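Here's the structure, in structure tokens; my notes come after.
The values are calculated or read from the model by the stated rules, or taken from the named source; none is laboratory data. All values derive from a computational prediction rather than experimental measurement. Here the Cβ is made from the backbone with ideal geometry for all residues, glycine too, and neighbour counts use every protein chain on show.
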């Protein structure tokens, strides 16, 4: 794939996303995505956000250099087995929220820290409310 246009279409369709879905995940307009895919524009202002949403490398998306994605952990069987042995099934596979793990991880670190603090506060408030009720009320 020689152009950003080709790579963007490929990565978006491989991810199973519409232009509107990708735009929402990347924090840009659908027309920005559409303009690149139609060839009207030859660059994306927030290339890193788009690459994160597509789970691909920004360098590959913009310039076509290197591989689309970082090397998979599957090529490191010893490491993968070690992780599987030390992570409970809940940690490895369950995600209790309505938004995707990828969407959460794509947030900047400072926003993830704020989200963690907010969610922790909500859970603590619920726990405090449950602990303060009598058996009759519960």
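Report those helices (runs of 4 or more DSSP H) wholly inside segment 29-104 carrying at least 3 residues which are modelled with pLDDT under 75. Can you show your working first?
Numbers: elements: 30-38, 47-54, 58-63, 77-86, 89-93.
Those helices (runs of 4 or more DSSP H) span 77-86, 89-93.
I'm trying to understand the selection: among the residues of segment 124-138, which are surrounded by fewer than 10 Cβ atoms within 10 Å (Cβ to Cβ) and modelled with pLDDT of 85 or more?
none
Of all residues being part of a loop (DSSP other than H, G, I, E, B) and in contact with a helix residue (DSSP H, G or I) (Cβ under 6 Å, 6 or more places away or on another chain) in segment 1-28, which is farthest from residue 67 (Cα to Cα)? Just the residue, please. It would help to see each step written out before you state the result.
Taking segment 1-28 as the starting set, the residues that turn out to be part of a loop (DSSP other than H, G, I, E, B) are 1-3, 15-18, 27-28.
So of that shortlist, the ones also in contact with a helix residue (DSSP H, G or I) (Cβ under 6 Å, 6 or more places away or on another chain) come out as 1, 15, 27.
Working: 1: 12, 15: 16, 27: 24 Å.
The residue in question is 27.
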